[in-house]
Amino acid sequence: MTDNGTKQRKVLAVVTNYGVEQDELVVPVEHLRGAGVQVDVAAVSMDDIATLVGDKDPGKSVRPDLTLDDADPTDYDLLLIPGGTLNADTLRLQSATTGIVRSFTDSGRPVAAICHGPWAVVEADVLTGKRLTSYASLRTDIRNAGGEWTDEPVVTDGSGGWTLITSRNPGDLEPFVQEIRTALAALA
């Protein structure tokens, strides 16, 4: 957000190369880039990212900017974790993902996760005491990880020294992206 001379903000989006929910990646990336934010998309490999619509129909192909292993999380102001069941389930098994999430939470930088994206935060074991939302099927995983699950379009929790922004599904993208913009503006 460069509106008032502040330094350009940088966002790191982390995904796998197959199964990310198209709009949960494309909409925030395009919106943030349109607002002057530098957004880098890190995937498992440099192969094109095959997105899906509704977890089943082929979506747009997206070219990653770098790999998860090459991403230096300290270069970024906010972490974006899109959902998609296949994407999120595979993403949480990548050791690089856990390290990236912990780098953000340990340093107090915000994390934004939508739909199944919070699985990566569950896997990083940093949810104790956090209030959040997600796709409804994650509620037991979130509770078991020490989080408090709620069914709301967007939840922002700044407790514990870092901010977590979460949403339930692509229908919540407008308030989700607005909360991301608010978090980035607060960093100025």
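The values are calculated or read from the model by the stated rules, or taken from the named source; none is laboratory data. Only a predicted model underlies this, so the values are computations on that prediction, with no experimental measurement involved. Here Cβ is always computed from backbone atoms with ideal geometry, including for glycine, and neighbour counts include all displayed protein chains.
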- Note on the structure: Scanning segment 76-134 residue by residue, those free of Cβ contacts under 8 Å to residues at least 40 places away in the same chain and aromatic (Phe, Trp, Tyr) turn out to be TRP119
- SER103: polar (S, T, N, Q), more than 22 Å from VAL62 (Cα to Cα) and in contact with a Cys (Cβ under 8 Å, 6 or more places away or on another chain), yes or no? no
- Please go through segment 133-148 and pick out each residue that is closer than 18 Å to GLY84 by Cβ, among the hydrophobic types (A, V, I, L, M, F, W, C) and surrounded by fewer than 24 Cβ atoms within 10 Å (Cβ to Cβ). ALA136, ILE142
- Read through the list (1) modelled with pLDDT of 95 or more; (2) within 20 Å of ILE180 (Cβ to Cβ); (3) not charged (D, E, K, R), then give the number of the only condition that SER45 fails. (2)
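Each row is one residue, and each column tells you yes or no for (1) of a type in the set (Phe, Trp, Tyr); (2) closer than 30 Å to LEU187 by Cα; (3) exposed (fewer than 15 other Cβ atoms within 10 Å of the Cβ).
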position	(1), (2), (3)
GLN22	no, yes, no
GLY36	no, yes, yes
ASP47	no, no, yes
VAL53	no, no, yes
LYS56	no, no, yes
THR74	no, yes, yes
- The number of residues in segment 79-93 that are under 18 Å from LEU127 (Cβ atoms) and either of a type in the set (A, V, I, L, M, F, W, C) or surrounded by fewer than 18 Cβ atoms within 10 Å (Cβ to Cβ) (or both) is 7
- Query: Taking the stated definitions as given, is ALA43 under 14 Å from the mean Cα position of the chain (by Cα) and not aromatic (Phe, Trp, Tyr)?
  - Reply: yes
- Message: Being out of contact with any Gly (no Cβ under 9 Å at 6 or more places or on another chain) and within 20 Å of VAL20 (Cβ to Cβ) is the requirement here; does GLY117 meet it?
- Response: no
- Query: Within segment 38-66, can you find the residues that are closer than 16 Å to LEU80 by Cα, aliphatic (A, V, I, L, M) and assigned to a strand (DSSP E or B)?
  - Reply: VAL39, VAL41, ALA42, ALA43, ILE49, VAL62, LEU66
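Of a type in the set (A, V, I, L, M), in contact with a Gly (Cβ under 6 Å, 6 or more places away or on another chain), crowded, with 22+ Cβ neighbours inside 10 Å and touching a residue at least 40 places away in the same chain (Cβ under 8 Å), is that true of VAL11?
no
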- Query: Would segment 55-66 turn up any residue that is within 14 Å of the chain's Cα centre (by Cα) and at pLDDT 95 or above?
  - Reply: no
